[in-house]
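J.: Sharing a structure below in structure tokens format, with a few things to ask.
The values are calculated or read from the model by the stated rules, or taken from the named source; none is laboratory data. Remember, predicted model here, so these are calculated numbers, not experimental data. Please note: Cβ atoms are built from the backbone with ideal geometry, for glycine as well, and neighbour counts cover all protein chains shown. Side chains included, ligands, DNA and RNA excluded: accessible areas come from the protein's heavy atoms. Shrake-Rupley method; radii C 1.70, N 1.55, O 1.52, S 1.80 Å.
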Amino acid sequence: MSRQSDLDNHANQMNPNNDSYWQSRGEDERPDDWVEQSDQDDVKSEQNSSHCAKK
């Protein structure tokens, strides 16, 4: 893969509006309720970040 392809792939995997985001998390494609699921993932990430910061 070229550097640009690597960057594009990374960007796609970080974008919940992209199928690659969901595929990298074990889903076949972006679910119909992707906004709600993405919001739940954000809350979990924030909780993990604050938990790690307290250690």
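J.: How do the helices (runs of 4 or more DSSP H) wholly within the chain filter down when requiring 2 or more residues that are on the phi < 0 side of the Ramachandran plot, β-branched (Val, Ile, Thr) and open to solvent by less than 100 Å² (accessible area, probe 1.4 Å): which remain?
T.: Where helices (runs of 4 or more DSSP H) fall fully within the chain and carry at least 2 residues being on the phi < 0 side of the Ramachandran plot, β-branched (Val, Ile, Thr) and open to solvent by less than 100 Å² (accessible area, probe 1.4 Å), they are 34-54.
J.: Within the set of pairs 6 or more residues apart or between chains, which connect a residue that is of a type in the set (Gly, Ala, Ser) inside the range 32-46 to a residue that is not in a helix (DSSP H, G or I) with Cβ atoms less than 7 Å apart?
T.: Taking only residues 6 or more apart or on different chains, the pairs are Ser38/Pro16.
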